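To start, the structure itself, in structure tokens.
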Amino acid sequence: MGTYVFSIALILAIFIVFDIKDKVQTFSTENIPTKEIIFDYYCMFIPVYGNMFSPLFTFISIIFFTSKMAHRTEFVAILSAGAGFNRILKPYLIGAFIIGFSSLLLNHFVIPKAQKIKIGFEDRWINKGYNTEDKNIHKIIAANTVLYMESYDNYTNTAHKISIEKFSHNKQISFLTADEMKWDTIHKEWNLVNVFEKTITQQDRLDTIKNRKPIHKEKHTYSATKKLKIDFSPSDMWRYESKIETMNTPELTKYITRERLKGSNQIEFFEVELHRRTSFPFATFLLTIIGLAISSRKVRGGVGLQIAFGMVLSCAYIMLMYVFTTIATTGNTPPLLGVWVPNIIFSFVAFYFYRTAQQ
């Protein structure tokens with residue numbers, strides 16, 4: 001645990017130094033309050049990136065600490081005294097549980113709050129306030145209801161050239177257009193300007209009196225302004241990081257349910273994040289078993305060779321994680337399976353090293 005804390009503190013200190021180097025000009029020219037830089041950015045920076053690299057540095061710490069014991073022939077003495085590999089593994093698993101369970105709590109509840117503060121600081125001072133560059137935006141805001149926006153301004157929470165279409169049985173039943181749609185922060189509703197509405201009445205039965213043609217009626221209305229409440233708010237136009245990373249697990253679960261009812265085509269992004277929060281800390285246990293099995297043997301080449309081999313395995317795990325996460329977000333595999341595949345693969349790897357460890 002001491003080696004883990006020291007190593008992760010060291011790498012975070014290096015990250016902070018390089019981050020300060022990249023942003024020192026922004027910090028000085030924008031006259032950002034020092035208090036905000038320290039508490040709103042770097043105090044949030046530490047748990048976010050510390051938790052991100054936690055399994056990797058657990059693995060490195062185990063290899064570094066254990067290989068030093070093996071180099072001093074301590075495991076030979078322990079095994080000769082009658083203590084088996086399972087007894088040696090027990091305190092390692094206790095340490096892995098402490099780190100893994102802490103990471104689990106951080107992922108589900110603490111990190112989203114830290115990300116909300118950190119991303120807010122970045123959007124306010126570094127990104128100059130996020131503003132989408134998307135054009136011709138389509139959003140499903142309810143079942144069979146589509147919102148179209150030619151453009152959207154995040155600074156003023158205003159959409160330009162909008163339309164809202166409603167369908168029933170693949171037929172349009174209403175159509176609304178407006179030149180502008182601006183968010184009312186007090187009443188939590190939208191104010192529309194230059195509104196045209198069309199309501200369509202269609203019947204499937206045939207009108208025998210009028211040459212057996214379907215009944216089709218349209219009602220048109222015009223208004224200078226209109227107030228409208230729909231299941232769409234400025235937060236839906238935030239960047240994905242702001243929406244996903246700043247919600248704790250209960251909030252994210254409710255958001256996924258709401259988006260699924262709306263028929264959103266981006267459910268996979270949110271589900272991958274939800275499942276990743278649990279699967280990533282689980283890797284701590286797998287890497288602990290692999291790290292102990294590898295480094296408990298005394299080998300030629302010393303600590304350096306074992307650390308190098310451990311780094312290769314760590315990189316392989318990270319590569320698998322990103323590959324299958326990408327596959328899951330594209331919808332080619334279920335998000336739950338895609339997120340857990342690296343852990344499933346490394347479970348077999350951990351079992352192999354456990355079976356071949358010196359007893």
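The values are calculated or read from the model by the stated rules, or taken from the named source; none is laboratory data. As the structure is a computational prediction, the values presented were derived from the model and not from experiment. Virtual Cβ from ideal backbone geometry, glycine too; neighbours counted across all protein chains shown.
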Count of residues meeting criterion [touching a Leu at 6+ places or on another chain (Cβ under 8 Å), surrounded by fewer than 15 Cβ atoms within 10 Å (Cβ to Cβ) and either at pLDDT 95 or above or not small (Gly, Ala, Ser) (or both)] in the stretch 135-162: 1
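Yes or no, residue by residue, for (1) modelled with pLDDT of 95 or more; (2) under 20 Å from the mean Cα position of the chain (by Cα); (3) under 23 Å from ASN343 (Cβ atoms):
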residue	(1), (2), (3)
ILE11	no, no, no
LYS21	no, no, no
SER28	no, no, no
THR34	no, no, no
PHE45	no, yes, no
TYR49	no, yes, yes
MET52	no, yes, yes
LEU56	no, yes, yes
Residue pairs meeting the criteria (Cβ under 6 Å; at least 6 apart or on separate chains; first more than 15 Å from VAL193 (Cβ to Cβ), in the stretch 215-226; second of a type in the set (Val, Ile, Thr) and exposed (fewer than 10 other Cβ atoms within 10 Å of the Cβ)): none
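Quick check on this structure: which one of ILE99, ILE38, ILE60 is under 29 Å from LYS243 (Cβ atoms) and surrounded by 16 or more Cβ atoms within 10 Å (Cβ to Cβ)? So that I can check it myself, show each step before the final result.
Details: ILE38 fails: surrounded by 16 or more Cβ atoms within 10 Å (Cβ to Cβ); ILE60 fails: under 29 Å from LYS243 (Cβ atoms).
The match here is ILE99.
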Meets criteria (touching an Asp or Glu at 6+ places or on another chain (Cβ under 8 Å) and either under 28 Å from THR58 (Cα atoms) or of a type outside the set (Ser, Thr, Tyr) (or both)) for LYS262: yes
First in the stretch 44-69 and under 13 Å from ILE8 (Cβ atoms) and without any contact (Cβ under 8 Å) to a residue 60 or more places away in the chain, second anywhere and surrounded by fewer than 19 Cβ atoms within 10 Å (Cβ to Cβ) and of a type in the set (Phe, Trp, Tyr), Cβ under 8 Å, 6 or more apart: TYR49/PHE15
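Mind checking which residues of the stretch 324-350 are in a helix (DSSP H, G or I) and without any contact (Cβ under 8 Å) to a residue 40 or more places away in the chain? Before the answer, list the steps.
The first filter runs over the stretch 324-350 and keeps only residues in a helix (DSSP H, G or I), leaving 324-329, 335-350.
Selection gives PHE324, THR326, ILE327, LEU337, VAL341, ILE344, ILE345, PHE348.
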Looking only at the stretch 131-180, and only at residues there that are out of contact with any Phe, Trp or Tyr (no Cβ under 8 Å at 6 or more places or on another chain) and not in a strand (DSSP E or B), the one that is nearest to ARG258 (Cα to Cα): ALA143
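Somewhere in the stretch 197-216, is a residue within 30 Å of GLY120 (Cα to Cα), surrounded by fewer than 18 Cβ atoms within 10 Å (Cβ to Cβ) and at pLDDT below 85?
Taking the stretch 197-216 first, the residues within 30 Å of GLY120 (Cα to Cα) are none.
Within the stretch 197-216, none of the residues are within 30 Å of GLY120 (Cα to Cα), surrounded by fewer than 18 Cβ atoms within 10 Å (Cβ to Cβ) and at pLDDT below 85.
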Candidate set: the stretch 259-309, residues that are of a type in the set (Gly, Ala, Ser) and closer than 30 Å to LYS139 by Cα; chosen: the one surrounded by the fewest Cβ atoms within 10 Å (Cβ to Cβ): GLY263
Pairs where the first residue, in the stretch 244-269, is outside the structural domain of PRO334 (by TED's automatic domain parsing) and without any contact (Cβ under 8 Å) to a residue 24 or more places away in the chain and the second is part of a loop (DSSP other than H, G, I, E, B) and hydroxyl-bearing (Ser, Thr, Tyr), C-beta under 8 Å, 6+ apart: none
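Assess whether ALA308 counts as being over 21 Å from GLN358 (Cβ atoms), of a type in the set (A, V, I, L, M) and part of a helix (DSSP H, G or I).
Details: over 21 Å from GLN358 (Cβ atoms): no; of a type in the set (A, V, I, L, M): yes; part of a helix (DSSP H, G or I): yes.
Against the criterion (over 21 Å from GLN358 (Cβ atoms), of a type in the set (A, V, I, L, M) and part of a helix (DSSP H, G or I)), ALA308 does not qualify.
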